[in-house]
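Shown next, in structure tokens, is the structure this report addresses.
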Amino acid sequence: MVEAKGPPGPSDPEQGVWQGRSVARRFVSPDGWTVLVGRTAEDNDVLSIQLASPPDFWYHVAGQPGSHVVVRNPERADRPPRDTERFAAGLAAGFSSARRGGRVAVHAARCEDVGKPRGLAPGKVTLRRYRTLQVEPIRPTEPE
């Protein structure tokens, strides 16, 4: 007997849930901002391209495999607070292959500057504009 599939579950960008499925670990920055960390390459695509909003902030370790990190920005601030930015960039370094490398380069962009051309492998994106930060990796034991 085949079970009928219903419609996908609800999405909740604040919790990192897309169509009823968790695609990200959720953390809260020192300033109280929601920070989402992708779990897999496919989840990174969903997080960065479908779940994130254009004014959200995006982080990824430079030139190495790792999780996409999105800082939710519902108030449409021009920049996140410094401690939130350092926290998010540290998570991007900590959830990457560079997590044991001391200070790590992390790209920072607005989600509106993150693109996914057809045919690009899962987890791979293009950036129109970005800045590069140097941070120490952070790998908390348990997300909030």
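Of all residue pairs spaced 6 or more apart or on separate chains, those with beta-carbon atoms under 9 Å, a first member in segment 1-18 that is modelled with pLDDT under 80 and a second member that is buried (at least 16 other Cβ atoms within 10 Å of the Cβ) and of a type outside the set (A, V, I, L, M) are 8/18. Just checking, does segment 124-133 include any residue being hydroxyl-bearing (Ser, Thr, Tyr), out of contact with any Leu (no Cβ under 8 Å at 6 or more places or on another chain) and part of a strand (DSSP E or B)? Among the residues of segment 124-133, at least one is hydroxyl-bearing (Ser, Thr, Tyr), out of contact with any Leu (no Cβ under 8 Å at 6 or more places or on another chain) and part of a strand (DSSP E or B), which makes the answer yes.
A count restricted to segment 97-135 and to residues that are on the phi < 0 side of the Ramachandran plot, surrounded by 14 or more Cβ atoms within 10 Å (Cβ to Cβ) and of a type outside the set (A, V, I, L, M) stands at 9.
Residue 84 - would you say it is under 18 Å from residue 13 (Cβ atoms), among the β-branched types (Val, Ile, Thr), surrounded by fewer than 23 Cβ atoms within 10 Å (Cβ to Cβ) and touching a residue at least 24 places away in the same chain (Cβ under 8 Å)? For residue 84, the condition - under 18 Å from residue 13 (Cβ atoms), among the β-branched types (Val, Ile, Thr), surrounded by fewer than 23 Cβ atoms within 10 Å (Cβ to Cβ) and touching a residue at least 24 places away in the same chain (Cβ under 8 Å) - is met.
For segment 20-34, taking the residues that are free of Cβ contacts under 8 Å to residues at least 24 places away in the same chain and either touching an Asp or Glu at 6+ places or on another chain (Cβ under 7 Å) or not in a strand (DSSP E or B) (or both), the one that is farthest from residue 9 (Cα to Cα) is identified as 32. Residue 72 falls short on exactly one of the conditions (1) over 18 Å from residue 130 (Cβ atoms); (2) basic (Lys, Arg); (3) out of contact with any Ser or Thr (no Cβ under 6 Å at 6 or more places or on another chain), and that condition is (3).
When restricted to residues that are closer than 15 Å to residue 12 by Cβ, of a type outside the set (Gly, Ala, Ser) and assigned to a loop (DSSP other than H, G, I, E, B), segment 35-78 contains 3. Annotation note: Cβ proximity below 7 Å between a residue of segment 103-132 that is in contact (Cβ under 8 Å) with a residue 12 or more places away in the chain and a residue that is assigned to a loop (DSSP other than H, G, I, E, B) and acidic (Asp, Glu) (sequence gap 6+ or interchain) occurs for 103/136; 111/56. Could you list all residues from segment 87-123 that are assigned to a loop (DSSP other than H, G, I, E, B) and more than 20 Å from residue 50 (Cβ to Cβ)? If the condition is that a residue be assigned to a loop (DSSP other than H, G, I, E, B) and more than 20 Å from residue 50 (Cβ to Cβ), then 97, 98, 99, 100, 101, 102, 103 are the ones that fit. Kindly indicate which of 53, 67 is buried (at least 22 other Cβ atoms within 10 Å of the Cβ), at pLDDT 95 or above and either on the phi > 0 side of the Ramachandran plot or under 13 Å from the mean Cα position of the chain (by Cα) (or both). Step by step, each of 53, 67 is checked, and only 67 is buried (at least 22 other Cβ atoms within 10 Å of the Cβ), at pLDDT 95 or above and either on the phi > 0 side of the Ramachandran plot or under 13 Å from the mean Cα position of the chain (by Cα) (or both).
The values are calculated or read from the model by the stated rules, or taken from the named source; none is laboratory data. It should be emphasised that the depicted structure is a prediction, and the values quoted were computed from it without experimental measurement. All Cβ positions, even for glycine, are placed from backbone atoms using ideal geometry, and neighbour counts span all protein chains on display.
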